[in-house]
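Below is one structure; the comments refer to it alone.
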Amino acid sequence: MLNYILSAYIVFAIVLGGLQLVNRRKALAKALVALFVLGQWALTAYALLGSSTPSSEFFSVDALAKLLTLVVSIISSAAFCHSNGYIVQNEQDKDAKVRAQSYGAMTILTMALTMAGVSAHLAVTWIFIEITTLCASALIFYRRTQNSIEATWKYVFACSISLVLVYVGILLASISMGEDSASGLSFAALGQAADKLDDFWLKLSFIFIFVGYTAKMGLVPMFTAGIDAKDAAPAPAAAVLSSIVMNAGFVGFYRFYAVVQHTAAARWAMMVVLVTGVVSVFVAAVYLVKVHNVKRLFAYSSVEHIGVVAIGVACGGVGLYAAILHLVLHSFAKSAIMMHVGNLFRVFGTKQMNRMGRYIDKTHPGAAILILGLLCITAMPPSGLFITELMIFKALISAHLWVVLAILAVLLCTIVWAMSRDTFSILFLPAEEPLLRKEASQPFPWTEAAWQFALLGLSIWWGLWTPDFISSLVSAAAAI
């Protein structure tokens, strides 16, 4: 039954995405978007409200899948809403073509991200994450400028290389199973054969798969292409790249990491993830101190947060629960702030922070979102990320990782200082190099403001007062 429903969903999304690509009518484009969003939420309701946890060899609607499907649906709905007003701005000469390609790519991208979350097979997860690369590249190429072309080919090249590494890792995982490889490469089959996996080939496989998925997650060493992509992509696409695309990469890594934790290589894998997480936070801190582009400022912040998630996963216990909840809360906060960068560009006509100033005088709702967004992504109260980071600190103390705790505390303080300095200068100080606009800045649409406040509100609510249903899903996902 599950395979039929998910197959129908895939066909549904591909058909609607194909219709979007050939359609040139604005009214029909909006109708197709509305139809897809309804279908997306119908699938989400099926996943969340099912009385049991349906699964097959290739797909499984377990707690992690339910949680991330819900996050995909919320953020993709916000992205589609923002795209409605964003896509046609100053694009009148190519309005229909740009709209068609953007909506079509966003539709299929949302489907691929959803399916990556419910995939229960090493190779199937890889396939859907590869599809996200192709769809995301179409969104990055949106402006057709030299910068967007360069960012697109860098993203495609880096992600293709990284997914080749994952493919090699899948082959090595098959070798590690030995005679049990005939049972397939589903995560369930790998888990059942965990005590028989060859240690050498398993470690080699884990390195390839983990390094390969760092391109999607935004971790060191493959994080650079994602930074350029988020900078070049339009605000709604950048929001998706900074949140649910990172989550898809995390799923690919996490499900395999869960298998490794039942083998003799468990502690070794934990140390690899821990060191990678610390290095990622360090790299983010270094770049955030000297960055001048507001979009890159928030993009490098994603590197910091996924590094914190990796540290929490490596710690295990309460750190693992906190890491998964941190991933979800970060998705809401970062997508909201990335969407708001679009309004900063509307007002100032630039992404260079030295040409921005007195934003609080331009729009009070926009300034409120920027302040609240800063508090959320720097994990300052009332941010829910404040709670999850405290839980990760607790996990580090329980594991007696005092050196890691000290390094992390210093790096996070540096990041809070750097981001606060730049954001408050945009809000309250005059621009160092005022940019003379030939046209008046455009108003802040109330629909976009409502979505951004809602996403930031979710990031606070689910952190400070986590609903029992969400808490149980996070706990079950951590128990994998």
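Since residue 141 meets every condition but one in (1) closer than 29 Å to residue 183 by Cα; (2) crowded, with 19+ Cβ neighbours inside 10 Å, which condition does it not meet?
(1)
Within the set of pairs 6+ apart or on separate chains, which have a first residue in the stretch 402-416 that is touching a residue at least 60 places away in the same chain (Cβ under 8 Å) and within 19 Å of residue 287 (Cβ to Cβ), a second that is aromatic (Phe, Trp, Tyr) and buried (at least 17 other Cβ atoms within 10 Å of the Cβ), and C-beta atoms under 6 Å apart?
Final answer for the pair search is 411/282.
Would you tally the residues in the stretch 343-360 being open to solvent by less than 10 Å² (accessible area, probe 1.4 Å) and among the hydroxyl-bearing types (Ser, Thr, Tyr)?
1
Here is a list: 418, 406, 399. Which entry is farther than 23 Å from residue 239 by Cβ, more than 22 Å from the chain's Cα centre (by Cα) and surrounded by 17 or more Cβ atoms within 10 Å (Cβ to Cβ)?
399
The rows are residues; the columns are (1) touching a strand residue (DSSP E or B) at 6+ places or on another chain (Cβ under 7 Å); (2) at pLDDT below 90; (3) closer than 24 Å to residue 238 by Cβ; (4) assigned to a helix (DSSP H, G or I).
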residue	(1), (2), (3), (4)
28	no, no, no, yes
31	no, no, no, yes
34	no, no, yes, yes
37	no, no, yes, yes
88	no, yes, yes, no
132	no, no, yes, yes
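Which ones in the stretch 295-333 are crowded, with 24+ Cβ neighbours inside 10 Å and of a type in the set (Val, Ile, Thr)?
303, 306, 308, 309, 311, 313, 324, 328
Please identify the pairs in which a residue from the stretch 1-29 that is hydroxyl-bearing (Ser, Thr, Tyr) has its Cβ atom under 9 Å from the Cβ atom of a residue that is part of a helix (DSSP H, G or I), counting only partners at least 6 apart or on another chain.
From residues that are hydroxyl-bearing (Ser, Thr, Tyr), the pairs are 9/39; 9/40; 9/42; 9/43; 9/111; 9/114; 9/115.
Considering only residues that are in a helix (DSSP H, G or I) and open to solvent by 20 Å² or more (accessible area, probe 1.4 Å), which ones fall in the stretch 46-62?
46, 48, 49 - these are the residues of the stretch 46-62 that are in a helix (DSSP H, G or I) and open to solvent by 20 Å² or more (accessible area, probe 1.4 Å).
Conditions first: (1) open to solvent by 50 Å² or more (accessible area, probe 1.4 Å); (2) closer than 22 Å to residue 247 by Cβ. Residue 153 passes all but one, so which condition is the exception?
(2)
Conditions (1) crowded, with 22+ Cβ neighbours inside 10 Å; (2) without any contact (Cβ under 8 Å) to a residue 60 or more places away in the chain, marked per residue:
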site: 194; (1), (2): no, no
site: 206; (1), (2): yes, no
site: 212; (1), (2): yes, yes
site: 219; (1), (2): yes, no
site: 241; (1), (2): yes, no
site: 277; (1), (2): yes, yes
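Out of the stretch 247-264, which residues are more than 23 Å from the chain's Cα centre (by Cα) and buried (at least 23 other Cβ atoms within 10 Å of the Cβ)?
Residue satisfying the conditions is 260 alone.
Where residues in the stretch 162-190 are touching a residue at least 40 places away in the same chain (Cβ under 8 Å) and over 23 Å from residue 60 (Cα atoms), which of them is nearest to the chain's Cα centre (by Cα)?
162
Which pairs have Cβ atoms under 8 Å, sit 6 or more apart or on different chains, and link a residue in the stretch 363-377 that is more than 16 Å from residue 461 (Cα to Cα) and open to solvent by 40 Å² or more (accessible area, probe 1.4 Å) to one that is part of a loop (DSSP other than H, G, I, E, B) and not acidic (Asp, Glu)?
365/444
Might you let me know whether the stretch 201-224 holds any residue that is under 20 Å from residue 293 (Cα atoms), at pLDDT below 90 and of a type outside the set (D, E, K, R)?
Yes, the stretch 201-224 has at least one match.
If you check residue 340 against the conditions, is it within 26 Å of residue 254 (Cα to Cα), open to solvent by less than 10 Å² (accessible area, probe 1.4 Å) and either aliphatic (A, V, I, L, M) or under 17 Å from the mean Cα position of the chain (by Cα) (or both)?
Considered against the rule, which asks whether it is within 26 Å of residue 254 (Cα to Cα), open to solvent by less than 10 Å² (accessible area, probe 1.4 Å) and either aliphatic (A, V, I, L, M) or under 17 Å from the mean Cα position of the chain (by Cα) (or both), residue 340 comes out as no.
Identify, please: which residue in the stretch 4-45 is open to solvent by less than 40 Å² (accessible area, probe 1.4 Å) and not hydrophobic (A, V, I, L, M, F, W, C) and is, among those, nearest to residue 117 (Cα to Cα)?
Here the residue is 44.
The values are calculated or read from the model by the stated rules, or taken from the named source; none is laboratory data. All of these numbers come straight from a predicted model, not from anything done at the bench. Positions of Cβ are backbone-derived with ideal geometry, glycine not excepted, and every protein chain shown enters the neighbour counts. Each accessible area value is taken on the protein alone, full model and side chains, heavy atoms only, with ligands, DNA and RNA left out. Shrake-Rupley method; radii C 1.70, N 1.55, O 1.52, S 1.80 Å.
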